[in-house]
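The values are calculated or read from the model by the stated rules, or taken from the named source; none is laboratory data. Keep in mind that this is a model prediction, so the values were computed, not measured. Quick reminder, even Gly has a Cβ in these numbers, built from the backbone with ideal geometry, and neighbours come from all protein chains shown. These area figures cover heavy atoms from the full protein model, side chains too; ligands, DNA and RNA do not enter into them. Shrake-Rupley method; radii C 1.70, N 1.55, O 1.52, S 1.80 Å.
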Amino acid sequence: MTLWILFIGTLALSLFAAARVKAAYARHSQTGVRSGLSGGEAAELILRQVGIHDVEITHQDEMLGDHYDPLRKRLVLSSQNYFGSSPAALGVAAHECGHAIQHQLAYAPLQWRMAAVGITTYASQIVMWLPLLGVFTGLIQPMVAATVLAAAWGIIMLFNLVTLPVEFDASRRAKAVLGRMNLIAPGSEAAAVNQVLNAAAWTYVAAFVTSLLYFLWHLLPLLGARQRD
C-alpha cells in the first residue's frame with residue numbers, strides 16, 4: 001500500500017510540474033516581443049555577445065525538445081521557439097544559451113553532470129528492469145536486489161541534485177542577458193519570461209524529489225535490517 005502511495009504521489013507531482021510548464025509556455029507564446037526577434041536570432045546574438053562562436057544553433061520539430069548538447073556543441077531549439085518571437089520562445093532560447101555559457105566557463109556542476117551521464121543511464125536501466133527480473137525469475141535474493149536498487153536510485157538522485165544548480169543558474173543567466181541586451185522589455189515581457197523559466201525549474205525539483213523518495217524507500221529497510229542484525 002505504501003508503495004502505491006509513493007508511486008501515485010510522485011507521479012502526481014511530476015504531472016503537476018509538467019502541466020505548469022505547458023500552461024505557462026502556452027500562455028506566453030501567444031504574444032510577440034517588442035524587439036521582434038525570434039528565439040533563433042536571440043540565441044545567435046547572445047552567443048556572439050559573450051564570445052561563443054563555435055556553437056551551432058539549429059532546430060527540430062519536437063515540442064519543447066530544446067537542449068544544449070555540450071559534446072557536439074549544438075544548441076537545439078524546437079521549431080516553435082527557433083522561429084517564434086514570443087517571450088516564451090526567447091526565454092527558452094536564452095536558457096539554452098545559459099548552458100552554452102556554463103560550458104564555456106567550465107561551470108563545475110555542469111562538468112559533474114556531464115561526467116555522470118553514463119553511469120546514470122545504467123542506473124536508470126537497473127531501476128527499470130531489475131524489479132521485473134527479480135519477480136519473474138526469482139534468481140536475485142531480495143536483499144541483493146534492494147541493495148542494488150538503493151545504489152541505483154542513489155546515483156539517479158545525485159544526478160538530479162547536481163542538475164538543480166545547472167538549470168537554475170542557466171535560467172538566472174538567461175534572465176540577466178535578455179534584460180542587459182534589451183532583447184525583452186521590462187514589465188510584462190520580463191514577467192512572462194520569469195514565469196516560463198520558473199515553471200520549468202519545478203520539473204527538475206520534482207525529478208529530484210521523486211528520486212530522493214525512491215532512494216530512501218529502498219535504503220531505509222536496508223539500514224533497519226542491519227540494525228536488527
Cβ pairs under 7 Å, 6+ apart, first in the stretch 106-120 and farther than 13 Å from L164 by Cβ, second outside any helix (DSSP H, G or I): M114/P70
Search result, residues across the stretch 91-119 that are open to solvent by 20 Å² or more (accessible area, probe 1.4 Å), among the small types (G, A, S) and under 18 Å from R172 (Cβ atoms): A106, A108
For A200: the one exception among (1) open to solvent by 60 Å² or more (accessible area, probe 1.4 Å); (2) touching a Ser or Thr at 6+ places or on another chain (Cβ under 8 Å): (1)
Failed criterion for A100 (all others in (1) modelled with pLDDT under 95; (2) closer than 30 Å to E189 by Cβ; (3) not polar (S, T, N, Q) hold): (1)
Matching option when the condition is modelled with pLDDT under 95 and out of contact with any His (no Cβ under 8 Å at 6 or more places or on another chain), among F159, F215, F168: F215
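Mind checking whether some residue in the stretch 133-152 is open to solvent by less than 50 Å² (accessible area, probe 1.4 Å), modelled with pLDDT of 95 or more, within 23 Å of the chain's Cα centre (by Cα) and closer than 22 Å to P221 by Cβ? So that I can check it myself, show each step before the final result.
Taking the stretch 133-152 and keeping what is open to solvent by less than 50 Å² (accessible area, probe 1.4 Å), we get 134, 140, 145-146, 149-150, 152.
Going one step further and asking which of them are modelled with pLDDT of 95 or more, we end up with 152.
So of that shortlist, the ones also within 23 Å of the chain's Cα centre (by Cα) come out as 152.
Checking the rest, the ones that are also closer than 22 Å to P221 by Cβ come to 152.
Checked against the condition, which is being open to solvent by less than 50 Å² (accessible area, probe 1.4 Å), modelled with pLDDT of 95 or more, within 23 Å of the chain's Cα centre (by Cα) and closer than 22 Å to P221 by Cβ, the stretch 133-152 yields at least one hit.
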